[in-house]
1. Here are a few candidate values for semi-axes √(5λ) of the Cα gyration tensor in Å: (1) 28, 21, 16; (2) 33, 18, 15; (3) 30, 23, 16. Which one was actually calculated from the structure I just gave you?
2. For the residues Trp33, Trp145, Trp139, what sequence is obtained by ranking on other C-beta atoms within 10 Å, fewest first?
3. I'd like to verify something in the chain: which complete DSSP H helices, judged by Cα projection on the helix axis, reach 15 Å or more and average at least -1.0 on the Kyte-Doolittle scale?
4. Treat every Asp and Glu Cβ in the range 83-204 as -1 and every Lys and Arg Cβ as +1, leave all other atoms uncharged, and give the resulting dipole magnitude about the Cα centre to the nearest 20 debye.
5. Within the range 44-130, list the trypsin sites (Lys or Arg not before Pro) lying in a DSSP loop whose Cβ has at most 15 other Cβ atoms in a 10 Å radius.
6. Could you tell me the center-to-center distance, by alpha carbons, between the range 1-37 and the range 41-59 in angstrom?
7. To make sure I understand the rule: partners must be lysines, Cα under 23 Å from the Cα of Lys207, and not fewer than 8 residues away in the same chain. Which ones qualify?
8. How big is the charge dipole of the range 16-161 about its Cα centre, in debye rounded to the nearest 20, if each Lys and Arg gets +1 on its Cβ and each Asp and Glu gets -1 on its Cβ?
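No lab work stands behind these numbers, since they all come straight from the coordinates. Model, not experiment: these values are computed from the prediction. A quick note on method: Cβ atoms are made from the backbone with ideal geometry, for glycine too, and the neighbour counts reach across all protein chains shown.
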Amino acid sequence: MEALSILSMVSGILSLFCLMVLHFVSPQYQASWRMVSEYAYGKHKWVLTAFFILWGLSAIITSALLWNIVSSNWALLGVLLIFVSGVGAIMGGLFDVQHKLHGLSFLLGVPSLPIGALLVAYHLIDLEKWSTYKSSILWSTHSIWISLLLMAFSMMAMFSSFKKAGIAWDKDATPPDHLPDGVIAYGGYANRLLVVCYIGWLILIAKIYCSITV
């Protein structure tokens, strides 16, 4: 199981590395307001696919590690939600933003982890070996739902800003290729912060698991 925890950490770190690479190979997609999924429109789609699949693998492996640790029904539900988030992430890689199933990928991958992480975290910190890491576990866990709320609010503000500029940007519209004058948008930053918080939690849990089992 120690090998699995290392694999989870490596998968998460490589996923974040792929995201960093996308910023260099596709600089035309401005990080301030373009979503990570929009890199699928560029010439390096395979890097985005690897990013999502590695993210999903990290979540699925972490859920497998936790399954044998937690004992309460609520915590087990949390583990299942973490697994579902991993499936959603992998689907995000297989079905990009131009595919009709990308929305389902989002619904499976994004809302499930904040709930699953909360259910699992408050169970883990009651376990003797895990309680030593209580502070880092809770900080990381709460960063997930906070980042999700920040992205939701920033996206609403961004869409409203575009609408005021006379640009309708709905689910069927192709995103504009530039930021109109007078429009201030930070949805892209919030989207990337969410990714870091989500994957960072998976890496942290796998790291703690590895430390405990050594």
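1. Matching the structure shown: (2).
2. Ordered from fewest to most neighbouring Cβ atoms within 10 Å, Trp33, Trp145, Trp139 come out as Trp139, Trp145, Trp33.
3. 2-25, 45-67, 73-94, 112-124, 134-164, 187-213
4. 120 debye
5. Of the trypsin sites (Lys or Arg not before Pro), the ones in loops of the range 44-130 whose Cβ has at most 15 other Cβ atoms within 10 Å are Lys100.
6. Cα centres, the range 1-37 to the range 41-59: 8 Å.
7. Result set, ordered by chain and number: Lys129, Lys134.
8. 240 debye
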